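Engineer: After the C-alpha cells below, expect a handful of questions from me.
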Amino acid sequence: MSVTENTLILETTQGPVTIEMRPDLAPGHVARIKELVREGFYDGIVFHRVIEGFMAQTGCPHGTGTGGSGKKLKAEFNKEPHVRGTASMARAANPDSADSQFFICFDDARFLDNQYTVWGKVTEGMENVDKIKRGEPVMNPDKIVKARMAADKE
C-alpha cells in the first residue's frame with residue numbers, strides 16, 4: 001500500500017489499523033481529524049461502543065460516548081456506502097453535531113448511507129478491528145494507543 005498525506009495509522013491494543021482518509025468526500029472532517037491526530041487527541045482513547053456485526057466506535061475523551069473535542073462539524077454526507085471497513089463520523093440527532101467520535105463498520109450498514117459522514121476506509125488491519133472487545137459499554141475496553149499520520153515524521 002502506498003502511504004499518502006491522507007494515510008492515518010491507529011496503533012490499537014489489538015494491533016495497527018491503517019485508514020485511507022478521503023478529503024474528496026469530506027474535506028472538513030478529514031482536516032479536523034488530522035488536526036486532532038496531530039494534537040494527540042486520540043492517543044489513549046477507548047473504543048466505548050462496540051456492537052457485533054455493526055461497528056466499533058471511539059473518539060470520546062470521557063470513554064462514555066458523551067464527549068468530544070468541543071468543535072462541531074458541518075455534515076458532509078456523501079454517496080460513499082457504509083460497508084465493511086468504512087470509517088464514518090458519529091453524531092447526535094442534529095446532522096451538524098459530529099465532533100471527534102467516529103466508527104469503523106464491521107459489516108455492511110447501508111441504512112446509515114447519506115445520514116453520516118464517511119471520511120475514510122480501512123486499507124490494512126481490519127483483522128485487528130475485528131478483535132476489538134464488544135460491549136455497550138465495553139468492559140476493559142480496547143483503545144487507540146497512538147494515532148498518527150503516516151506521512152508525518154516521528
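We did not get these values from a lab; they are worked out from the coordinates using the rules stated. Just so we're clear, the structure is a prediction, and the values are computed from it rather than from any experiment. All Cβ positions, even for glycine, are placed from backbone atoms using ideal geometry, and neighbour counts span all protein chains on display.
Engineer: Restricting attention to segment 128-154, which residues are within 19 Å of Gly53 (Cα to Cα), loosely packed, with under 15 Cβ neighbours inside 10 Å and touching a strand residue (DSSP E or B) at 6+ places or on another chain (Cβ under 8 Å)?
Structural biologist: Lys131, Glu136, Pro137
Engineer: Which residue out of Ser69, Ser2 is surrounded by fewer than 20 Cβ atoms within 10 Å (Cβ to Cβ) and free of Cβ contacts under 8 Å to residues at least 24 places away in the same chain?
Structural biologist: Sole residue among the options that is surrounded by fewer than 20 Cβ atoms within 10 Å (Cβ to Cβ) and free of Cβ contacts under 8 Å to residues at least 24 places away in the same chain: Ser2.
Engineer: Would it be correct to say that Lys146 is of a type outside the set (Phe, Trp, Tyr), outside any loop (DSSP other than H, G, I, E, B), more than 23 Å from Asp24 (Cβ to Cβ) and over 12 Å from the mean Cα position of the chain (by Cα)?
Structural biologist: yes
Engineer: Moving on. Please go through segment 10-36 and give me each residue that is of a type in the set (Val, Ile, Thr), over 11 Å from the mean Cα position of the chain (by Cα) and surrounded by 20 or more Cβ atoms within 10 Å (Cβ to Cβ), ordered by number.
Structural biologist: Result: Thr12, single match.
Engineer: Based on this model, can you work out whether Lys79 counts as over 16 Å from Val122 (Cα atoms), among the basic types (Lys, Arg), part of a loop (DSSP other than H, G, I, E, B) and touching a helix residue (DSSP H, G or I) at 6+ places or on another chain (Cβ under 9 Å)?
Structural biologist: When the stated conditions are applied, Lys79 does not pass them.
Engineer: While we're looking at this one, here's another question. Filter segment 41-50 down to residues that are surrounded by 15 or more Cβ atoms within 10 Å (Cβ to Cβ) and not charged (D, E, K, R) and give me whichever is nearest to Arg84 (Cα to Cα).
Structural biologist: Ranking the qualifying residues of segment 41-50, first place goes to Val50.
Engineer: Same structure again: Read through the list (1) in contact (Cβ under 8 Å) with a residue 24 or more places away in the chain; (2) more than 17 Å from Leu25 (Cβ to Cβ); (3) out of contact with any His (no Cβ under 7 Å at 6 or more places or on another chain), then give the number of the only condition that Val122 fails.
Structural biologist: (2)
Engineer: Inside segment 51-66, can you point out the residues that are surrounded by 19 or more Cβ atoms within 10 Å (Cβ to Cβ), without any contact (Cβ under 8 Å) to a residue 60 or more places away in the chain and either farther than 17 Å from Ser97 by Cα or out of contact with any strand residue (DSSP E or B) (no Cβ under 6 Å at 6 or more places or on another chain) (or both)?
Structural biologist: Hit for segment 51-66 is Met55, nothing else.
Engineer: Hey, can you tell me all the residues within segment 117-143 that are out of contact with any Phe, Trp or Tyr (no Cβ under 7 Å at 6 or more places or on another chain) and part of a loop (DSSP other than H, G, I, E, B)?
Structural biologist: Within segment 117-143, Gly125, Lys131, Lys133, Arg134, Glu136, Pro137, Met139, Asn140 qualify.
Engineer: Report every pair of residues separated by at least 6 positions or lying on different chains whose Cβ atoms are under 7 Å apart, first residue within segment 6-18 and touching a residue at least 60 places away in the same chain (Cβ under 8 Å) and on the phi > 0 side of the Ramachandran plot, second of a type outside the set (A, V, I, L, M, F, W, C) and crowded, with 19+ Cβ neighbours inside 10 Å.
Structural biologist: Gly15/Gly125; Gly15/Asn128
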